[in-house]
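What follows draws every value from the coordinates through simple rules; no lab data is involved. Every value quoted in this text rests on a predicted model; they were computed, and no experiment measured them. Reconstructed Cβ throughout: ideal geometry from the backbone, glycine too, with neighbour counts over all protein chains shown.
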Amino acid sequence: MKNFQELLAVAKSYDTPRLAVAVAQDEDVMRAVDEAFKAGLVEPVLVGDEELIASVAAKLEIDLDSYRIINEQDSLLAVKEAVALIRNGEADILMKGIVGTADLFREVLDRERGLRTGRILSHVAVIQLQRYPKFILMTDAAINIEYSISRKVNLVNNALEVARFLKIERPKVVPIAAIEVVNPDMQATVDAAVLSKMCERGQIRDCIIDGPFAFDVAISVEAALHKGIQSQVAGDADILLMPNIESGNVMYKSLVSFGGAKTAGIVIGASAPILVTSRSDSAETKLYSIALGVLMAADKQIY
């Protein structure tokens, strides 16, 4: 798959999973969920303030007669209810509505009531750029704060799971840094070299890792040639591993706000796919994220 139209088409061919939306009373969320419902992608369960949900639905001319709605006016309790639907097998995908990410993950990570599996949770953004011929994945712009080398290995492996569902064969992974040589004073470059060697020795499988590379070298053959870099990965990256959450967050929002990128986002590593879009993300981004969640939910073996 190389674009979101292909992703939507594939998602429509899958069985229809149940989507639990935590604190659903948000216009862009409900617009995306309704479009996904009408397309046959998901069976939604809206958890939140029923009166506010009805008000938003009326404004958007959404018919709620076929929707399951669980009325919970308190946002934190609505999150608990949505997570419980996943845990009890009554829903297959969890989606964040108009609630803070920290509030959602406080419940997801609860040791007794949450959705822990023992794996590291991480966010993977799927990005369609106007001047790039295929999807590019980026991690992590939303969840993990500190990136040790062991954490980066987990981030790469989680991103590889998403790449597999997008039918990207032997993904090319670039650990992003500011320069293309190893500088002991710049930890991102050291980590990139370690990850590249780990991949070379088979400690990270089913991909090619090379770096450190700056962003221009990762996506531009011309930039790589200009800098004299010869690599299977340079100019043809499938996955960008960001050096920290700040750079990932800035990169993601810059590509969307200034670059006109289309995006989807998903968190994996829990017992079900989790859709954590920004409250400022468009309904289109939320729809694409739902379609990505449908693909991921189809394989119960990884959850």
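Once every DSSP H run of n ≥ 4 in the chain is given -39500 (n - 2.57) and the sum is divided by its residues, what mean residue ellipticity at 222 nm do you get, rounded to the nearest 500 deg cm²/dmol?
Estimated from H runs of four or more residues: -12500 deg cm²/dmol.
Counting only DSSP beta bridges with both residues in the chain, tell me the antiparallel percent, nearest 5.
Details: 11 of 35 bridges.
Roughly 30 percent of the beta bridges in the chain run antiparallel, per DSSP.
What distance in nm separates the simple spin-label points at residue 201 and residue 66, each placed 7 Å from Cα in the Cβ direction?
Computed distance between label sites residue 201 and residue 66 equals 5.5 nm.
Please label the shape of segment 170-221 as rounded, prolate or oblate, based on the square roots a ≥ b ≥ c of the eigenvalues of the alpha-carbon gyration tensor (a/c under 1.5 means rounded; beyond that, a/b larger than b/c means prolate, else oblate).
On the way: a/c = 3.06, a/b = 1.23, b/c = 2.50.
Judged from the Cα gyration tensor, segment 170-221 comes out oblate (a/c at least 1.5, b/c at or above a/b).
Give me the extension gain from residue 170 to residue 27: residue separation times 0.36 nm, minus the current Cα-Cα distance, reported in nm with one decimal. Could you put the intermediate results ahead of the total?
Numbers: separation 143, 0.36 × 143 = 51.48 nm, distance 3.86 nm.
So the extension gain works out to 47.6 nm.
Looking at segment 120-268 only, what percent of DSSP beta bridges run antiparallel? Nearest 5 please.
Numbers: 10 of 19 bridges.
Roughly 55 percent of the beta bridges in segment 120-268 run antiparallel, per DSSP.
What angle do you read, to the nearest 10 degrees and between 0 and 90, between the alpha-carbon axis of helix 187-200 and the longest principal axis of the chain?
Computed tilt is about 90 degrees.
What percent of all Cα-Cα pairs in the chain falls into each 10 Å bin, going from 0 up to the bin containing the maximum distance?
Percent of pairs per bin, in order: 6, 29, 34, 21, 9, 2, 0.
When a/c reaches 1.5 or more, the comparison of a/b and b/c decides; with that in mind, is segment 192-268 rounded, prolate or oblate per its Cα gyration tensor? Don't jump to the answer; show the numbers that get you there.
Values: a/c = 2.10, a/b = 1.27, b/c = 1.66.
It comes out oblate by the Cα gyration axes.
Please check: in the Gaussian network model of the chain (C-alpha springs, under 10 Å), which one of 276, 194, 79 has the largest mean-square fluctuation.
194
How are the Cα pair distances of segment 1-130 distributed, in percent, across 10 Å bins from 0?
Binned Cα distances yield the sequence 12, 39, 35, 13, 0.
Taking the Cβ-Cβ separation of residue 131 and residue 43 as r and a Förster radius of 41 Å, what is the calculated FRET efficiency to the nearest 0.05? Please list the in-between numbers first.
Details: r = 37 Å, r/R0 = 0.91.
Computed FRET efficiency for residue 131 and residue 43 comes out at 0.65.
How far is it, in nm, from the label point at residue 52 to the one at residue 151 when both lie 7 Å from their Cα along the line to the Cβ?
3.1 nm
Assign one of three labels to segment 120-268, namely rounded, prolate or oblate, based on the Cα gyration tensor with a ≥ b ≥ c the square roots of its eigenvalues; rounded applies when a/c is under 1.5, prolate when it is not and a/b is larger than b/c, and oblate otherwise. Provide the component values of the computation, followed by the final result.
Values: a/c = 1.25, a/b = 1.07, b/c = 1.17.
Note, shape of segment 120-268 comes out rounded.
Taking the Cα atoms only, what angle lies between the long axis of helix 27-38 and the longest principal axis of the chain, rounded to 10 degrees?
80 degrees
How many nm is it between the label spots at residue 103 and residue 271, if each spot is 7 Å from the Cα in line with the beta carbon?
A separation of 2.3 nm, rounded to one decimal place.
What FRET efficiency comes out for the pair residue 117/residue 35, r = Cβ-Cβ distance, R0 = 30 Å, nearest 0.05? Before the final figure, lay out each step's value.
Working: r = 30 Å, r/R0 = 1.01.
Rounded to the nearest 0.05, the efficiency is 0.50.
Under a straight-distance cross-link criterion of Cα-Cα below 24 Å, which lysines are reachable from residue 253, leaving out those fewer than 8 residues away in the same chain?
2, 96, 134, 152, 172, 262, 286
What's the FRET efficiency of residue 187 with residue 230 using the Cβ-Cβ distance as r and R₀ = 25 Å, to the nearest 0.05? Intermediate values should be presented prior to the final figure.
On the way: r = 25 Å, r/R0 = 1.00.
Computed FRET efficiency for residue 187 and residue 230 comes out at 0.50.
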